Amino acid sequence: MAAPARDGWTVETLHDDYAQALREDRVLYDSETDHQRLRVFENARFGRVLTLDGVVQTTEGDEFIYHEMLSHVPILAHGAAKRVLIVGGGDGGMAREVLRHASVEHCTMVEIDAGVVAFSKEYLPALSDGAFDDPRLDLVIADGADFMAGGHEPYDVIIIDSTDPIGPGEVLFTDTFYDHARKLLTPEGILVTQNGVPFMQPDELRGTMRAFRALFNDWGCYLAHVPSYAGGPMALGWGSMSGAGRAVDPTVLQGRYASAGIETRYYTPEVHKAAFALPGYIARLLT
Ligand code: SAM
């Protein structure tokens, strides 16, 4: 989809009838990798901004919201997560948050585009903040769909930190992919997914929830408000064969959060529980 041009601005190309624009104060990088077009620029409000194929992936200014909510919610809900799998996450922000948990003994990160990792280390070092050097991290450069289909030791938490279902990300939104993920979970394991902004992309959430309904005993989504993912709250998919994670008692969650000893800027145990309260227009996408 052709991006409406505006000199000195990035006009996002995710929707054909709506676009957010961010002023480019300084372009730091712009190149095609084997899989996608990678561009980074500085913006006065959001700091450094990473776009892939013209779509905002992450910004220094508000990345903490998305990365905290897609990692700490499943890990603290689970309560004893030792093995975590991240699919996507090339910027390293998700690995950074996962590895803040001393209880996590191993984190596999499967990223299709080595260019995003190499580039993020250089231009967005604050995002990974050393995660790529953590001995617990195993970085695999591969298509997440191929990895998920393979036989691996099961995981307590699986995080799909992918682009939207366009280009290489498309395979990460299929029933087959979710079924493979389900089979790779431990009995109490939890799968969480980046599922876009329901007001703007209702079909993305509707499709994932239709698949989760058929695959998981406990399924649904929770919300996070990320300013650079424009158009309202973002939905994060949730699937597990056990209801224990979602039903965790608030005081137990408080205790786990305190014991984890991690300082967060968006996540709190209260926000965690409240995030599962859905407004009508989003709840109706799950029926
Ligand atoms: N936070 C962002 C969002 O919500 O849109 C996602 C950030 S991260 C940059 C998304 C990553 O998914 C990218 O590095 C991209 O290369 C990776 N990716 C896309 N398709 C993939 C696939 N099939 N397997 C593994 N990684 C994939």
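Within segment 23-35, does at least one residue satisfy the condition of being more than 16 Å from the ligand (Cβ to nearest atom), modelled with pLDDT of 95 or more and in contact with a Ser or Thr (Cβ under 7 Å, 6 or more places away or on another chain)?
yes
Which residues, counting only those in segment 21-37, are surrounded by fewer than 18 Cβ atoms within 10 Å (Cβ to Cβ) and touching a helix residue (DSSP H, G or I) at 6+ places or on another chain (Cβ under 6 Å)?
Leu28, Tyr29, Thr33
Collect the residues in segment 61-88 that are within 11 Å of the ligand (Cβ to nearest atom), in contact with a helix residue (DSSP H, G or I) (Cβ under 9 Å, 6 or more places away or on another chain) and of a type in the set (Asp, Glu), keeping them in residue-number order.
Glu63, the sole residue that qualifies.
Just to be sure I understand the filter: pairs with C-beta atoms under 9 Å, separated by 6 or more residues or on different chains, first member in segment 168-195 and touching a residue at least 60 places away in the same chain (Cβ under 8 Å), second member in a helix (DSSP H, G or I) and β-branched (Val, Ile, Thr). Which pairs pass?
Sorted first by the residue in segment 168-195, then by its partner, the pairs are Tyr178/Thr208; Ile190/Val73; Ile190/Ile75; Val192/Val73.
Are any residues in segment 111-124 surrounded by fewer than 24 Cβ atoms within 10 Å (Cβ to Cβ) and either touching a residue at least 12 places away in the same chain (Cβ under 8 Å) or more than 15 Å from the ligand (Cβ to nearest atom) (or both), and if so, which ones?
Asp113, Ala114, Gly115, Val117, Phe119, Lys121, Tyr123
Any idea which of Asp133, Asp156, Asp129 is on the phi > 0 side of the Ramachandran plot, assigned by TED's automatic domain parsing to the domain that holds Ile282, away from the ligand (no atom under 13 Å from the Cβ) and at pLDDT 95 or above?
From the options Asp133, Asp156, Asp129, the qualifying one is Asp129.
Right, Gly280: surrounded by 13 or more Cβ atoms within 10 Å (Cβ to Cβ) and assigned by TED's automatic domain parsing to the domain that holds Ala81 or not?
Spelling it out, it is not the case that Gly280 is surrounded by 13 or more Cβ atoms within 10 Å (Cβ to Cβ) and assigned by TED's automatic domain parsing to the domain that holds Ala81.
Here is a list: Val40, Val84, Val49. Which entry is assigned to a strand (DSSP E or B), buried (at least 18 other Cβ atoms within 10 Å of the Cβ) and in contact with a Pro (Cβ under 9 Å, 6 or more places away or on another chain)?
Result of the check over Val40, Val84, Val49: Val84.
Among the residues of segment 189-221, write down those that are more than 16 Å from the ligand (Cβ to nearest atom) and touching an Asp or Glu at 6+ places or on another chain (Cβ under 7 Å).
Hits for segment 189-221 are Gly189, Ala211, Leu215.
Does Asp91 meet the test of being surrounded by fewer than 22 Cβ atoms within 10 Å (Cβ to Cβ) and either under 25 Å from Pro165 (Cβ atoms) or within 11 Å of the ligand (Cβ to nearest atom) (or both)?
no
The values are calculated or read from the model by the stated rules, or taken from the named source; none is laboratory data. Since the model is a prediction, treat every value here as computed from it, not as a measurement. Reconstructed Cβ throughout: ideal geometry from the backbone, glycine too, with neighbour counts over all protein chains shown.
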